[in-house]
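The values are calculated or read from the model by the stated rules, or taken from the named source; none is laboratory data. A quick note: this is a predicted structure, and the numbers were derived from the prediction, not measured. Ideal geometry is used to build each Cβ from the backbone, glycine not excepted, and the neighbour counts take in all protein chains shown. Surface areas here come from the heavy atoms of the whole protein model, side chains and all, with no ligands, DNA or RNA. Shrake-Rupley method; radii C 1.70, N 1.55, O 1.52, S 1.80 Å.
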Amino acid sequence: MPVTALINRKGGVGKTTLTLALADFLAARHALRILVIDLDPQANSTLELLGEERWYELEKGGWTLADLFMNVRKGDDYDAHQLIESARTTVIDTLGQIDLLPASPRLLDEEEELGGDGGAWRYLSGSPLLIMHQAFNEIVRGYDHVLIDCPPSLGVITMNGLLLSDGFLVPTIPDHISTVGIAQVIGKIREQFKVMRRKINYCGLILNRFDRQTRLHSAIAEEMKSRADYKPVWDTYVPRTVRAEEGHGRHARQTLASRYGGAQSPYFLALESLAREFRRRVG
């Protein structure tokens with residue numbers, strides 16, 4: 001039961017799109033039970049999985065991850081099992097199941113409360129970095145795979161996701177802007193875990209929105225594959241496609257093929273290959 005965080009401090013690299021595509025293909029193609037944990041305050045994974053109406057019900061009812069952090073911070077009781085039950089969604093085709101721990105924009109407030117020098121973490125009985133580990137460590141063991149969509153930062157909320165994880169993946173676009181600072185992110189995570197005497201596996205880089213007709217993309221991809229601090233760079237390059245940019249109304253019932261552009265489209269085939277590589281490398 002690997003728990004895998006997808007993280008990059010650079011926004012706009014398609015991290016959420018890849019998280020949801022992996023969830024879809026692992027559930028529908030490999031018949032695995034998947035949990036998606038949305039830690040990004042933009043809540044894109046949550047809205048794509050549930051739709052705006054259902055998300056609003058959860059937000060209004062106090063069943064998001066922001067409420068978890070708030071309740072722990074205030075010392076109130078919180079039912080982690082009920083959170084999953086309240087947010088449950090079923091993936092496409094009935095070939096598998098995707099459960100969700102939904103995000104909220106209020107995660108930004110909790111980041112500020114828990115991360116500031118005078119923040120509310122001072123009043124917690126345990127570490128503010130271990131809130132999710134304490135709440136969900138037993139629950140996640142019931143899934144075949146858990147995918148965590150992390151915000152583009154290494155703050156308290158992201159560290160909660162990483163400390164729940166067995167490993168982390170770094171999606172990126174092979175261009176100069178998107179790849180700046182990747183080595184520092186990998187190194188920082190390793191350094192922090194070493195200080196805390198905890199283990200986490202760096203699972204590698206995924207090259208996303210790759211354009212084979214762009215010489216720059218090909219050149220940067222080759223350079224990244226040659227660097228020891230980036231290895232492993234995954235074999236599957238996910239191509240740039242309008243389909244990924246548009247969003248797919250994931251809460252509407254669709255087949256896997258219709259959602260990803262057809263069973264013979266380069267995008268569909270790349271994601272199918274990525275899911276197989278994920279199972280080979282992650283477990």
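Given 101, 108, 68, which one is open to solvent by 40 Å² or more (accessible area, probe 1.4 Å), hydrophobic (A, V, I, L, M, F, W, C) and modelled with pLDDT of 90 or more? When all the criteria are applied, what remains is 108. Residues that are crowded, with 24+ Cβ neighbours inside 10 Å, farther than 21 Å from residue 209 by Cα and of a type in the set (D, E, K, R) within the stretch 1-53 comprise just one, 38. Residues in the stretch 76-95 that are modelled with pLDDT of 80 or more and either open to solvent by less than 80 Å² (accessible area, probe 1.4 Å) or not in a helix (DSSP H, G or I) (or both): 76, 77, 78, 79, 80, 82, 83, 84, 86.
Considering the stretch 194-226 alone, what residues qualify as being closer than 15 Å to residue 170 by Cβ and without any contact (Cβ under 8 Å) to a residue 12 or more places away in the chain? Matches in the stretch 194-226: 225 only. Residues in the stretch 227-255 that are hydroxyl-bearing (Ser, Thr, Tyr), modelled with pLDDT under 90 and either closer than 14 Å to residue 172 by Cβ or more than 22 Å from the chain's Cα centre (by Cα) (or both): 255 only. When residues in the stretch 203-222 are screened for being more than 18 Å from the chain's Cα centre (by Cα), modelled with pLDDT of 85 or more and in a loop (DSSP other than H, G, I, E, B), 1 of them pass. Criterion applied to 194, 225 was being surrounded by fewer than 14 Cβ atoms within 10 Å (Cβ to Cβ) and outside any loop (DSSP other than H, G, I, E, B), and the one residue passing it is 194.
For first residues located in the stretch 56-84 and within 16 Å of residue 100 (Cα to Cα), partners that are among the basic types (Lys, Arg) and lie 6+ apart or on another chain with Cβ distances below 7 Å form the pairs 66/106.
Summed over the stretch 141-182, residues that are aliphatic (A, V, I, L, M), under 27 Å from residue 217 (Cβ atoms) and in a helix (DSSP H, G or I) total 2.
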